2 protein chains.
Amino acid sequence: MEDRVKLEDGAGAKESWKIIDELFLSRVPPELQKTLEGFGLDVLDDGAGVKVNDKEYLVFTTDSFTVNPPFFPGGNIGYLAAHGTLNDLVMMGAKPVAFMDTIIVEEGFLRKELNEIVSSMLGVMLRERVSVVGGDFKVMPKGSIDRIVITGIGIGITDSPIIDEEIRVGDKILVTGPIAEHGAAILASQLGMIKETKSLRSDTKPLTKTVLPVIQKFRKYIHAARDPTRGGIAATLNEWIMKKNATILIKRQEIPIREEVKSFLEALGVDPYSTASEGIAVLAIDPEKAEEIAEELIRSGESSTKIVGEVITPPTEFLKGKVVAETEVGGKILLEPKSVNLPRIC
Amino acid sequence: MEDRVKLEDGAGAKESWKIIDELFLSRVPPELQKTLEGFGLDVLDDGAGVKVNDKEYLVFTTDSFTVNPPFFPGGNIGYLAAHGTLNDLVMMGAKPVAFMDTIIVEEGFLRKELNEIVSSMLGVMLRERVSVVGGDFKVMPKGSIDRIVITGIGIGITDSPIIDEEIRVGDKILVTGPIAEHGAAILASQLGMIKETKSLRSDTKPLTKTVLPVIQKFRKYIHAARDPTRGGIAATLNEWIMKKNATILIKRQEIPIREEVKSFLEALGVDPYSTASEGIAVLAIDPEKAEEIAEELIRSGESSTKIVGEVITPPTEFLKGKVVAETEVGGKILLEPKSVNLPRIC
């Protein structure tokens, strides 16, 4: 049988890392993985940077959004594209300055719905004072695309990009908000269970007002930052540590998660730690300032912020580059992103 | 009946301009249409620019590619995404420096075909020494997307971006290559006529080696530049002139087009002037240097280059902002992009 692309290849977990390595990383020589004294594919992050003068970098990020359904409790695909793009910039320590998008819709898509999606997306940019500098709009014949796909491109500026390579033994791991809210809401929508699960809503929101100021204030103590979307916090933590001579140790009961979200996902056999959030941040920070940063995040509005673990020397060779979770009853298990078949979630 | 998105809304002609205006331009206040001493939505061009130091701009462009079929005579969607992105930068007078992409494939897509598409795309960048700095890869469930969609994002650098607003009365209009080659090849593929139309091949190619050096050498005499993809040269010329107090007058028999392409399209009732090319340029240039620029383009490899018309004072109020074509028999007609139902052509 011929080899074909599988859903898991795009799920943000191990299979994704493998196909991205095979298709892209292994084919581009190191000197072409970055540009103009910047960084790019050479660092495992969500964006790229170009040094544009003595002290500043322009930072770029891109993501495609294909959520199904496009309208869901707590938002729509327009908000998702806007917030997701801004948050990728914030997680690189950059102030967002400009936004571009490409939209592909299916012929027959309701104009009223398209208007609402675009208004939601542009509304975020206008409120954030981010320029909208270009884009592309295409229509595909009925049946050739399921409703709508949006690609967001973000441009930000920073004098010190966070490229997630500074993570080191001793760092504390901090999570700002209750996890898995977005994924749970989408799953409830896909299963037609919105009425029974009224408390499940996407957490899609920009991190520009709450997290960016704290990142800027404490920049030199922040060694990695990521919004744990596809693949959840399990994917983020594993991506950070997989090539390091270190282990991440997490106390699972410290990870903020709402009881409704946890029980809903567990009833369906879905791993909350691999489930997407769209409005939270995970940080790896200097232990010396960890408490202070957590308090500052709580003050700025991220009231669920918790320190959930730390980076340690690998206890064994096997645990090098791995994430270990201490369970509620004191046992230890590997925390790995599950390639759950939850397609089109963000 | 509820208002729904139509195929014509994405065809690159009048309906496209209207929906883009309604959805985007009219909703973003002027001060947020550009950024950092740059330009963006405020100019009707294919990209945006950000001034990054005393003399240089970084230029950005994005486009989605959805061609059907993804493999066609003369290329595949990977080449199209790579060349299309580079050419948009070249047409802004910029040297391409970095590339990002997002790929969305349908579950079940052949890995062998995906490998070939990605190899084609990355191969272009490696040969052009353009850095590949990031991207996104997603898989949609079978039936929710027709095969593959690629978004290309290009970053270029220039000290003098061409933003197509400098076009003025007196300018000569130059076209580098035979037009409509790409659209004709795709149409032949879609109609299952590849065997009968062996000479029809996409012209997809980068303009970095042939056109960019000429643009750089003669920059101050070049007032507008565009690769006439979706909507063909009719769309390009109309977009340039629609808001100007001027008229473009074209001699139709001067426009380079191969006889096989012309007769194939005309037999199907398709307007060649509204049909996409993927490897040619249209320029508006100072009349003083027009011949010299044309000769230089021919020397650099664009052997079909022709001066095909000029920008004139509007002969009547009605013709203000319009494109007029002098036909082969001396009559005059309006040259307008036709919203031909040729979906998924680039």
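The values are calculated or read from the model by the stated rules, or taken from the named source; none is laboratory data. Keep in mind that this is a model prediction, so the values were computed, not measured. Positions of Cβ are generated from backbone atoms using ideal geometry, with glycine treated the same way; all protein chains shown enter the neighbour counts. Please note that ligands, DNA and RNA were not included when accessible areas were found on the heavy atoms of the full protein model with its side chains. Shrake-Rupley method; radii C 1.70, N 1.55, O 1.52, S 1.80 Å.
Brief remarks follow.
- Tensor-based shape of chain B (alpha-carbon gyration tensor, a/c under 1.5 rounded, otherwise prolate or oblate): rounded
- Counted over all Cα-Cα pairs of the stretch A:146-208, pairs farther apart than 13 Å make up 79 percent.
- Alpha-carbon Rg with Dmax, taken over the stretch A:173-294, Å: 15.2, 47
- Per-residue mean of C-beta atoms belonging to partner chains within 10 Å, peptide B:104-113: 5
- For the protein assembly as shown, the Rg and Dmax computed from alpha carbons only, in angstrom: 25.7, 89
- Percentage relative contact order, the stretch B:164-334, counting C-alpha pairs under 8 Å, at least six apart: 42 percent
- Mean sequence separation of contacting Cα pairs (under 8 Å, at least six apart), scaled by the length of chain B, corresponds to a relative contact order of 23 percent.
- With label points defined 7 Å past Cα in the direction of Cβ, position A:Ser119 shows copy-to-copy spacings of 4.9 nm, given to one decimal and shortest first.
- Set of the stretch B:155-181 residues, backbone N closer than 18 Å to the point 7 Å along the Cα-Cβ line of B:Glu288: B:166-173
- Candidate lysines for bridging to A:Lys198, where Cα separation is under 24 Å - those fewer than 8 sequence places away on the same chain excluded: A:Lys262
- Inter-centroid distance (Cα atoms) of the stretch B:168-191 relative to the stretch A:229-243, Å: 47 Å
- Cα centroid separation, the stretch B:260-332 to the stretch A:54-126: 38 Å.
- Amide H contacts under 5 Å for A:Val324: A:Ile248, A:Leu249, A:Ile250, A:Leu335, restricted to partners 5 or more places along the chain or on a different chain, H placed in the peptide plane at 1.01 Å from N.
- Built amide H within the under 5 Å cut-off of A:Arg4, gap 5+: B:Arg111
- What the phi angles of the stretch A:274-283 give under the Karplus curve with 6.51, -1.76 and 1.60, with θ = phi - 60°, is a coupling list of 9, 9, 5, 10, 10, x, 10, 10, 10, 10 Hz, glycine and proline written as x.
- Our summary of shape: the Cα atoms of the stretch B:34-158 have principal axis extents of 50, 29, 25 Å, ordered from largest down, in whole angstrom.
- Computing FRET efficiency as 1/(1 + (r/R0)^6) for B:Thr327 and B:Ser304, where r is the C-beta to C-beta distance and R0 is 22 Å, gives about 0.60.
- With every protein chain in place, the stretch A:164-334: carbon and sulfur % of accessible area (1.4 Å): 51 percent
- Buried between A and B is an accessible area of approximately 7100 Å², summed over both sides with a 1.4 Å probe.
- Å² of accessible area per residue within the stretch A:89-194, as computed with a 1.4 Å probe and no ligands counted: 26 Å²
- Against the rule of thumb 2.2 N^0.38 Å, how large the Cα Rg of the stretch A:110-166 comes out: 1.55
- Placing a label point 7 Å from Cα along the Cα-to-Cβ axis, B:Glu196 is separated from the same position in the other copies by 5.6 nm, shortest listed first.
- Listed values for the stretch B:141-158 are Karplus-derived 3J(HN,Hα) couplings in whole Hz (6.51 cos²θ - 1.76 cosθ + 1.60, θ = phi - 60°), namely x, 3, x, 9, 8, 8, 6, 8, 10, 10, 10, x, 10, x, 10, x, 9, 7, and x replaces Gly and Pro.
- Relative contact order, percent, the stretch A:4-161 [alpha-carbon distance under 8 Å, six or more residues apart]: 28 percent
- Here B:Glu165 yields copy-to-copy label distances, from shortest upward, of 3.9 nm, the label point defined as 7 Å from Cα along Cα to C-beta.
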